[in-house]
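Participant: I am attaching a structure below and will ask some questions about it afterwards.
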Amino acid sequence: MRACFAYPPMRIINPATGEVLREVAEADRVAVTAACRRARAAQPAWAATSLGTRCEVIRRWRALAVERAEPLARTLALEVGKPIAQARRELAGVLPRVDFFLAEIEGALAPEVVLTSPGDHLDEMIRREPLGVVANISAWNYPWYVGANVFLPALLTGNTVVYKPSEFATLTGLAIGELLHEAGVRADVFQVVAGGGSAGAMLLEEPVDAVCFTGSHATGVKVAAAMAPRLVRVQLELGGKDPVYVCDDVDVATTAAAVADGAFYNTGQSCCAVERVYVHERLWSRFADAFVATVRDYVVGDPLDERTYIGPLARREAALDHHEAQVADALGRGARVLTGGRRLERPGFFFAPTVLVDVDHTMAVMREETFGPLIGLARVGSDDEAVALMNDTAYGLTAAVYTADRARAERLLARVNAGTAYWNCCDRVSPRLPWTGRGASGLGVTLSREGIAAFLRPKAWHLRGV
Ligand code: NAD
């Protein structure tokens, strides 16, 4: 990979121990500008490369990701603190996304004749062209997933990409780039600029044609504001406060285990993690007991240990402070802790898996994204009350209903303002379905056919023969 100009090195910290894993050169303005210029210069040739060749290099990248899965999973576990079994699962989960994009790309690029009128010798046709240079500013929590959702369709549609991984997933970001180059993507077609928020902000000042951002609502608003005068395409995949409603007709044990997994998988650090649980009063106490029993059984520990289910918080001290503040705020307003409630006294940045009850919407824990192993359970008396509470949020990423009755679930979910609706499942993403947030959860679409079209712009052809 081409070395980026850089100053002073970033320290990559293992959040499970606090130890420095490596130092990496951070891209400065010269490096960011140079990367964008190279991406601009390389784009026409990449767009002119046959689709077969573009697909072939992505296929090779897939094969390399399979071949190197174990060391790549280990890197992810070390720098993000993701439990190793979950890191392996993330790498494996990228493959169906690659396969989906490869299967769909030819159709997405095919010219579309919308009118053939031999009488007046007129054809009307749509061709879809790449946007140009795509800046991809990414998050750390699922760096393979959220990165691949952007750079794979961007590259396949003929764009060049300047990719800024999160500073908390830098080694994974660099590895993604190395694999693409080894697979045959030319160095200037996909470039990694390592760095933190300042590198991201510098990238936004460059004359790119699109910005695809994954991260928090607070940063997303800054990205939108920075790009507004430029009128280029902006996609924002932001946070959530995703609710689950547990109806009164479910099997308590299996539902409690499934919802707890939706809340605590990836140590609760998923954009679509369950962040609020509303439970019908008819099974409230049985559900709360089963839920807490499940959470108490989670193994907290070294991410490299196969048994670990809960790892450290990747954002380290800032995340621990955020969790403590949400717990203190909730307790001050009348909530109770059923389990956990504090940081763990051990090296690294661990927060005990925590369940709160007697929570309401005056509390930050029920309004603001937590992004960690902390969840509030609230009791509701009716379906209408549940829907009102589910919709009482600035966010709109996903929402789930657990019930034995599909028609009841569909009626409820049709009333919920979210980009994704789940019946008897949660915290799930499919390559075939659009991934999109409403309100404070963002703008635009990744995945699905729409998530490929997001990297193309239509040109309208009016063709009149003589
Ligand atoms: P973050 O907002 O702190 O950082 C995201 C990226 O933005 C990083 O690469 C960071 O370096 C960069 N950045 C920071 N300041 C910037 C600035 N001023 N200009 C440009 N770039 C800047 O978020 P995070 O902690 O990396 O990720 C967690 C958040 O991402 C959560 O809110 C989570 O819900 C969200 N997320 C959403 C999705 C989704 O699909 N909707 C997926 C994953 C994560």
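Participant: Answer yes or no as to whether PHE190 is away from the ligand (no atom under 16 Å from the Cβ), under 18 Å from the mean Cα position of the chain (by Cα) and within 27 Å of ALA41 (Cβ to Cβ). Spell out the reasoning first.
Facilitator: On the way: away from the ligand (no atom under 16 Å from the Cβ): yes; under 18 Å from the mean Cα position of the chain (by Cα): no; within 27 Å of ALA41 (Cβ to Cβ): yes.
So PHE190 fails the test.
Participant: So, one more: Restricting attention to the stretch 73-126, which residues are closer than 30 Å to LEU313 by Cβ, charged (D, E, K, R) and open to solvent by 60 Å² or more (accessible area, probe 1.4 Å)?
Facilitator: In the first step, residues of the stretch 73-126 are kept if they are closer than 30 Å to LEU313 by Cβ; the result is 73-98.
Keeping just the survivors that are charged (D, E, K, R) gives 74, 79, 82, 88-90, 97.
Within the stretch 73-126, ARG74, ARG88, ARG89 qualify.
Participant: All but one of (1) free of Cβ contacts under 8 Å to residues at least 60 places away in the same chain; (2) surrounded by fewer than 24 Cβ atoms within 10 Å (Cβ to Cβ); (3) assigned to a helix (DSSP H, G or I) hold for VAL365; state the number of the condition that does not hold.
Facilitator: All conditions are met except number (2).
Participant: Right, another one. Do we have ALA388 as assigned to a loop (DSSP other than H, G, I, E, B), open to solvent by 40 Å² or more (accessible area, probe 1.4 Å) and modelled with pLDDT of 95 or more here? Working first, answer last.
Facilitator: Details: assigned to a loop (DSSP other than H, G, I, E, B): no; open to solvent by 40 Å² or more (accessible area, probe 1.4 Å): yes; modelled with pLDDT of 95 or more: yes.
In short, no.
Table: residues versus (1) buried (at least 24 other Cβ atoms within 10 Å of the Cβ); (2) within 21 Å of GLU79 (Cβ to Cβ).
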{"position": "ALA273", "(1), (2)": "yes, yes"}
{"position": "LEU283", "(1), (2)": "no, no"}
{"position": "VAL292", "(1), (2)": "no, no"}
{"position": "VAL300", "(1), (2)": "no, yes"}
{"position": "LEU304", "(1), (2)": "no, yes"}
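Participant: So which strands (runs of 3 or more DSSP E) are wholly in the stretch 217-316 and hold at least 2 residues that are away from the ligand (no atom under 12 Å from the Cβ) and touching a residue at least 12 places away in the same chain (Cβ under 8 Å)? Working first, answer last.
Facilitator: Details: elements: 233-237, 242-246, 274-280.
It comes to 242-246, 274-280.
Participant: Collect the residues in the stretch 205-216 that are closer than 11 Å to VAL162 by Cα and either within 10 Å of the ligand (Cβ to nearest atom) or without any contact (Cβ under 8 Å) to a residue 60 or more places away in the chain (or both), keeping them in residue-number order.
Facilitator: VAL211
Participant: Could you please give the count of residues in the stretch 1-16 that are open to solvent by 60 Å² or more (accessible area, probe 1.4 Å) and at pLDDT 95 or above? Spell out how you get there, then give the answer.
Facilitator: Taking the stretch 1-16 and keeping what is open to solvent by 60 Å² or more (accessible area, probe 1.4 Å), we get 1-3, 5, 7-9, 11.
Within this subset, residues satisfying the condition of being at pLDDT 95 or above are 11.
Of the residues in that region, 1 qualify.
Participant: Also, quick follow-up: Return a yes/no flag: does the stretch 74-86 have any residue that is part of a helix (DSSP H, G or I), in contact with a strand residue (DSSP E or B) (Cβ under 7 Å, 6 or more places away or on another chain) and within 30 Å of TYR309 (Cβ to Cβ).
Facilitator: We begin by selecting, within the stretch 74-86, every residue part of a helix (DSSP H, G or I); these are 74-80, 84-86.
Remaining after also requiring in contact with a strand residue (DSSP E or B) (Cβ under 7 Å, 6 or more places away or on another chain): 78-79.
Then keep just the ones that are within 30 Å of TYR309 (Cβ to Cβ); that gives 78-79.
Within the stretch 74-86, one or more residues are part of a helix (DSSP H, G or I), in contact with a strand residue (DSSP E or B) (Cβ under 7 Å, 6 or more places away or on another chain) and within 30 Å of TYR309 (Cβ to Cβ).
Participant: From ALA325, ALA319, grab the single residue that is open to solvent by 10 Å² or more (accessible area, probe 1.4 Å), under 25 Å from ALA400 (Cβ atoms) and touching a residue at least 24 places away in the same chain (Cβ under 8 Å). Full working, then the answer.
Facilitator: Working: ALA325 fails: under 25 Å from ALA400 (Cβ atoms).
Answer to the check: ALA319.
Participant: Now, a different point. Return yes when ALA175 is in the same structural domain as ALA218 (by TED's automatic domain parsing), of a type in the set (A, V, I, L, M) and surrounded by fewer than 20 Cβ atoms within 10 Å (Cβ to Cβ) and no when it is not.
Facilitator: Details: in the same structural domain as ALA218 (by TED's automatic domain parsing): yes; of a type in the set (A, V, I, L, M): yes; surrounded by fewer than 20 Cβ atoms within 10 Å (Cβ to Cβ): no.
No, not satisfied.
Participant: Given the stretch 94-184, what strands (runs of 3 or more DSSP E) lie entirely inside it while holding 1 or more residues that are small (Gly, Ala, Ser), over 19 Å from PRO71 (Cβ atoms) and within 16 Å of the ligand (Cβ to nearest atom)? Lay out the reasoning, then the answer.
Facilitator: On the way: elements: 112-117, 122-130, 133-137, 160-164.
Per the criteria, 133-137.
Per-residue answers, yes or no, for (1) without any contact (Cβ under 8 Å) to a residue 24 or more places away in the chain; (2) in a helix (DSSP H, G or I); (3) assigned by TED's automatic domain parsing to the domain that holds THR267; (4) more than 24 Å from the chain's Cα centre (by Cα):
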site: THR17; (1), (2), (3), (4): no, no, no, yes
site: THR33; (1), (2), (3), (4): no, yes, no, yes
site: ARG37; (1), (2), (3), (4): yes, yes, no, yes
site: ARG40; (1), (2), (3), (4): no, yes, no, yes
site: GLY52; (1), (2), (3), (4): yes, yes, no, yes
site: VAL66; (1), (2), (3), (4): no, yes, no, no
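The values are calculated or read from the model by the stated rules, or taken from the named source; none is laboratory data. Note that the structure is predicted; figures quoted are calculated from it, not measured. Cβ coordinates were reconstructed from backbone atoms using ideal geometry, including for glycine residues, and neighbour counts include every protein chain displayed. Accessible surface is based on the protein model in full, side chains and every heavy atom, while ligands, DNA and RNA are left aside. Shrake-Rupley method; radii C 1.70, N 1.55, O 1.52, S 1.80 Å.
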